[in-house]
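To start, the structure itself, in C-alpha cells.
The values are calculated or read from the model by the stated rules, or taken from the named source; none is laboratory data. Computed from a prediction, not measured in an experiment: that's the story for all the values here. Cβ sites come from the backbone with ideal geometry, for glycine too, and all protein chains shown count toward neighbours.
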Amino acid sequence: EDHLNQLAVVAGLHEKGRDLAIGMEFFQQPFQPHLDAFVAGEIDEKEMLRRTDYFERWRYDYRLYRPILRFAREHGIPVVALNLEREITEKVGDGGIESLSDEERARIPAEMDRDDEDYRRRVMAVFEHHPQKENANFEHFLEVQLLWDEGMADRAARYLTEHPEKTMVILAGGGHVE
C-alpha cells in the first residue's frame, strides 16, 4: 500500500500540473543514463533493469515500484538515481572513508554532518541490531550511513539546482528520511 500511495502522490502532483522528477533510492547514480533511456522510451523495462543491475544491487521486489516507473515513462517524468554505488559504500564499510581513492572521494559529498548526536544514536541502535562481522567497526558503519543519506541528499540537491523548475518526489526508506 505504501507504494500505491507513492504513486497516488506522484499522479496527483502531475495532474495539478507540477513539473516533476522522481528521486529513487533504489537506483545507484552511475546508472542514471539507463533510467534516462528508459523514460525516453529508448529501452524497455527489462533492459533498464538489466543495465541498472537492479536485481543484483537492490533485490527488493521490483513489482512494488513498477507502477511508479511506468507512470514516469508514460508521462516523461525524469527518474533520478539517488544512491551512491555499492562499491563505494562497501569499501567504506570495510576501511572507512580514508580507504577511498581520490577518484572515489570525488564522487562522495564534500560535506557531511558528523556532529548530529541524535543521528549517531539512531545509527548506533541500527548497528546493534544488525548481524555483525567479526571486528565490526561502528565508525565505518556510521560513515556508510552518512554516505548513503548525505549522498542521496546531495544528488537531489544537485539535480534541483540544475532544474529549479522541478518538484522532486523522493522515494526512500523511512530510516533515511529520519
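Do the conditions hold for ALA81, that is, is it at pLDDT 95 or above, part of a helix (DSSP H, G or I) and of a type in the set (Gly, Ala, Ser)? So that I can check it myself, show each step before the final result.
Values: at pLDDT 95 or above: yes; part of a helix (DSSP H, G or I): no; of a type in the set (Gly, Ala, Ser): yes.
The answer is no for ALA81.
Does the stretch 103-115 include one or more residues that are more than 20 Å from the chain's Cα centre (by Cα) and farther than 21 Å from VAL177 by Cα?
yes
Which of the residues that make up the stretch 1-32 are small (Gly, Ala, Ser), in a helix (DSSP H, G or I) and touching a residue at least 40 places away in the same chain (Cβ under 8 Å)? Write out each step before concluding.
Step one: of the stretch 1-32, the residues small (Gly, Ala, Ser) are 8, 11-12, 17, 21, 23.
Retained after the next criterion (residues that are in a helix (DSSP H, G or I)): 8, 11-12.
If the condition is that a residue be small (Gly, Ala, Ser), in a helix (DSSP H, G or I) and touching a residue at least 40 places away in the same chain (Cβ under 8 Å), then ALA11 is the only one that fits.
Yes/no matrix, rows are residues, columns are (1) touching a Phe, Trp or Tyr at 6+ places or on another chain (Cβ under 7 Å); (2) at pLDDT 95 or above:
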{"position": "ILE68", "(1), (2)": "no, yes"}
{"position": "PHE71", "(1), (2)": "no, yes"}
{"position": "THR89", "(1), (2)": "yes, no"}
{"position": "ALA106", "(1), (2)": "no, no"}
{"position": "MET112", "(1), (2)": "no, no"}
{"position": "GLU128", "(1), (2)": "no, no"}
{"position": "TYR159", "(1), (2)": "no, yes"}
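Mind checking which residues of the stretch 95-126 are surrounded by 12 or more Cβ atoms within 10 Å (Cβ to Cβ) and over 14 Å from GLN145 (Cβ atoms)?
GLY95, SER99, LEU100, GLU104, ARG105, ARG107
Could you grab me the full set of residues in the stretch 33-56 that are surrounded by 15 or more Cβ atoms within 10 Å (Cβ to Cβ) and either among the aromatic types (Phe, Trp, Tyr) or in a helix (DSSP H, G or I) (or both)? Can you show your working first?
Initially, the stretch 33-56 is screened for residues surrounded by 15 or more Cβ atoms within 10 Å (Cβ to Cβ), giving 34-39, 43, 48-49, 51-54.
Of everything in the stretch 33-56, those that are surrounded by 15 or more Cβ atoms within 10 Å (Cβ to Cβ) and either among the aromatic types (Phe, Trp, Tyr) or in a helix (DSSP H, G or I) (or both) turn out to be HIS34, LEU35, ASP36, ALA37, PHE38, VAL39, MET48, LEU49, ARG51, TYR54.
List, please: which pairs have Cβ atoms under 7 Å, are six or more places apart or on different chains, and start with a residue in the stretch 33-53 that is touching a residue at least 40 places away in the same chain (Cβ under 8 Å) and end with one that is assigned to a loop (DSSP other than H, G, I, E, B) and exposed (fewer than 15 other Cβ atoms within 10 Å of the Cβ)?
Between residues of the stretch 33-53 that are touching a residue at least 40 places away in the same chain (Cβ under 8 Å) and residues that are assigned to a loop (DSSP other than H, G, I, E, B) and exposed (fewer than 15 other Cβ atoms within 10 Å of the Cβ), the close pairs are VAL39/GLY76.
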